[in-house]
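Working notes, beginning with the structure itself.
The values are calculated or read from the model by the stated rules, or taken from the named source; none is laboratory data. Computed from a predicted model, the values in this text were never measured in an experiment. Positions of Cβ are generated from backbone atoms using ideal geometry, with glycine treated the same way; all protein chains shown enter the neighbour counts. For the accessible areas, the whole protein counts, side chains as well, though only heavy atoms, and no ligand, DNA or RNA atoms are used. Shrake-Rupley method; radii C 1.70, N 1.55, O 1.52, S 1.80 Å.
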Amino acid sequence: MSERWDRDQVLGLAPDAASAKAAGGLAEPGRWARTGCDDEAVWGECQGSGKSVYRACADLTEPAFRCSCPSRKFPCKHALALLLLWADGAVGAEGATGGLEAGARPGWAAEWIEERRERAGRAVRRRVSAGAKARDPKTAERRERRVDDGLAELDQWLRDQVAHGLAQADKAPYRLWDDAARRLVDAQAGGLAGQVRGLAAIPRTPGWPDRLLEEYALLRLLVRAYGRRNELPEGLRDTVRSRVGFTVPQDEVVAGGERVRDHWCVTGSRDTAQDLLTTRRVWLRGRRTGRPALVLSFAAPGTSLDASLIVGTEVDAELAFFPGSQPLRALVAERFGAAVPGAPAGTSVQGFLDEHAAALALDPWLDRWPATLENVRLARDGGGDLYVVDAAGDALPLRLADPWRLLALSGGGPVTMAGEWSPRGLYPLAAWHEDEGTVIL
């Protein structure tokens with residue numbers, strides 16, 4: 001039997017607070033029938049309103065979810081409630097209901113899981129087939145020329161912004177940056193387009209002139225680096241191309257990327273939405289190597305994000321890293337067993353700052369970096385701003401609108417905390433306390 005998750009791990013899968021709350025109300029054994037589980041799945045039928053009965057199933061190896069209810073949320077409240085019952089030990093050999101033998105999947109659950117396995121196999125075969133097709137060199141050349149032209153135009157635009165001064169930027173319309181971004185999209189430099197569009201949010205924030213000038217300088221550095229890409233070391237050239245918007249197919253990463261096997265602790269997850277695309281960033285830290293990794297997934301409206309990596313768990317896996325001067329983004333190439341609960345090992349504040357400085361030296365365009373800090377406490381300065389302070393007295397500013405859950409977890413004592421570091425401070429994602437386990441922030 002797969003080791004059961006705890007309730008916090010299950011609730012960490014909820015798409016929103018309302019789903020988590022609704023699942024708690026449904027996680028009552030009396031509302032469920034014909035429940036069961038085995039090493040790969042858990043299933044059951046939930047009594048809905050009136051005569052409706054919803055069949056829910058979760059594939060624990062991903063995880064992935066299926067429910068016959070009409071909800072468009074993934075996972076829905078029924079799947080979450082089923083997992084909460086499983087986490088509490090109410091589903092299994094000692095708690096199965098409805099006459100099913102433990103481990104005997106009902107036909108509808110077995111069919112869904114088998115279909116998933118077949119689809120996964122077909123997807124792998126399609127990727128291999130697509131990767132075997134030679135890319136048209138003329139198409140690549142045409143794109144290179146378009147990008148060159150687009151970046152030359154961006155270079156002139158950046159020089160114009162600085163030459164005209166920043167004084168009017170706080171009154172400039174959004175289209176100042178949006179028009180420049182659209183031209184980059186037309187030039188097939190999508191990575192730069194997103195960065196330029198994001199500049200519109202900087203004016204009218206505290207200290208904005210310095211920050212805007214810094215962002216312009218980093219963009220100019222990237223433009224100049226791309227212009228001299230053939231002179232750069234291979235890793236830095238890969239980083240520059242990636243920042244501009246050139247992508248590496250996943251099959252190439254899996255086949256030829258750097259492979260690292262470790263027990264990877266899932267330290268945090270964060271979803272962000274831009275336009276019609278939602279991005280999930282999942283951060284991992286190797287227990288043996290201490291190496292950070294970032295696994296990305298994307299979802300268009302009506303589709304679900306990858307939920308296979310659960311915060312607070314540890315998975316024995318081999319990751320394949322995308323190329324670059326500071327390899328960070330990775331794919332899970334192969335797993336060796338199911339995920340188990342686990343808390344990460346962290347560093348001091350100074351240790352984290354040393355890691356971050358080394359990463360910036362290799363990739364000066366890093367906009368965020370994972371932090372996992374051990375033995376830190378919450379503190380406020382004279383102005384009321386919140387910090388984390390380690391045993392040596394070193395501190396980092398926190399970006400946390402509501403600190404009460406973290407305060408309740410720590411009770412003023414030390415915790416292990418993981419989050420995303422940016423120039424604006426540390427955004428906490430999860431924390432661990434020896435008495436309370438994992439808490440998703």
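Here are a few things to note about the model shown:
- Rounded if a/c under 1.5, otherwise prolate or oblate - region 179-240, Cα gyration tensor axes: oblate
- Shape call, region 1-62: gyration tensor on alpha carbons, a/c limit 1.5: oblate
- Averaged over residues, the count of other Cβ atoms within 10 Å places the peptides 174-185, 108-119 in the sequence 174-185, 108-119, highest first.
- With every protein chain in place, region 299-441: carbon and sulfur % of accessible area (1.4 Å): 51
- Furthest towards positive pole of dipole, P423, Y54, V260, structure part the chain, Cβ charges: Y54
- Cβ-defined net charge surrounding R335, 11 Å radius [Lys, Arg +1; Asp, Glu -1]: -3
- Percent of alpha-carbon pairs separated by more than 22 Å within region 286-374: 36
- Selection of trypsin sites (Lys or Arg not before Pro), region 189-280, meeting DSSP coil and at most 11 other Cβ within 10 Å: R204, R228
- Using the Cβ-Cβ distance between R146 and E434 with R0 set to 60 Å, the FRET efficiency works out to roughly 0.60.
- Region 289-379 - percent relative contact order, Cα under 8 Å, separation 6 or more: 25
- Region 168-286 - convex hull of alpha carbons, volume per residue in Å³: 165
- As a rough guide to protection, the peptides 428-434, 64-70 ranked by mean Cβ packing within 10 Å, highest first, stand as 428-434, 64-70.
- Candidate residues R285, R55: accessible-area rank, largest first, probe 1.4 Å: R55, R285
- For region 37-97 versus region 246-285, the inter-centroid distance based on Cα atoms is 27 Å.
- Alpha carbon Rg of the chain, scaled by the compact-globule rule 2.2 N^0.38 Å: 1.09
- Heavy-atom accessible surface of the chain, averaged per residue, reaches 50 Å², computed with a 1.4 Å probe.
- Share of carbon and sulfur in the accessible heavy-atom surface of region 132-216 [1.4 Å probe, %]: 52
- Rel. contact order, % - alpha carbon contacts under 8 angstrom, at least six apart, the chain: 11
- For the chain, the 222 nm mean residue ellipticity estimated from helices alone, with every DSSP H stretch of n ≥ 4 adding -39500 (n - 2.57) and the total spread over all residues, rounds to -11500 deg cm²/dmol.
- Counting only the Cα atoms, region 236-387 fills a convex hull of 155 Å³ per residue.
- Spin-label pair L353/Q250, simplified geometry with 7 Å Cα→Cβ offset, distance in nm: 3.9
- Largest GNM mean-square fluctuation across G419, G268, G194, computed for the chain with C-alpha springs under 10 Å, falls on G194.
- Residue among A172, A358, A56 with the largest mean-square fluctuation in a Gaussian network model of the chain, springs linking Cα atoms under 10 Å: A172
- C-alpha long axis of helix 234-244 to longest principal axis of the chain, angle in °: 90
- Comparing mean-square fluctuations of Q161, Q250, Q274 from a GNM of the chain with C-alpha springs under 10 Å, the top value falls on Q274.
- Take every Cα pair under 8 Å whose residues are at least 6 apart in sequence, average their separation, divide by the length of region 290-441, and the relative contact order is 17 percent.
- When the Cα gyration tensor is reduced to axis lengths a ≥ b ≥ c, the ratio a/c is 1.5 or higher for region 313-441, and with a/b not above b/c it is classed as oblate.
- Calculated Rg and Dmax of region 243-328 using C-alpha coordinates, Å: 13.6, 39
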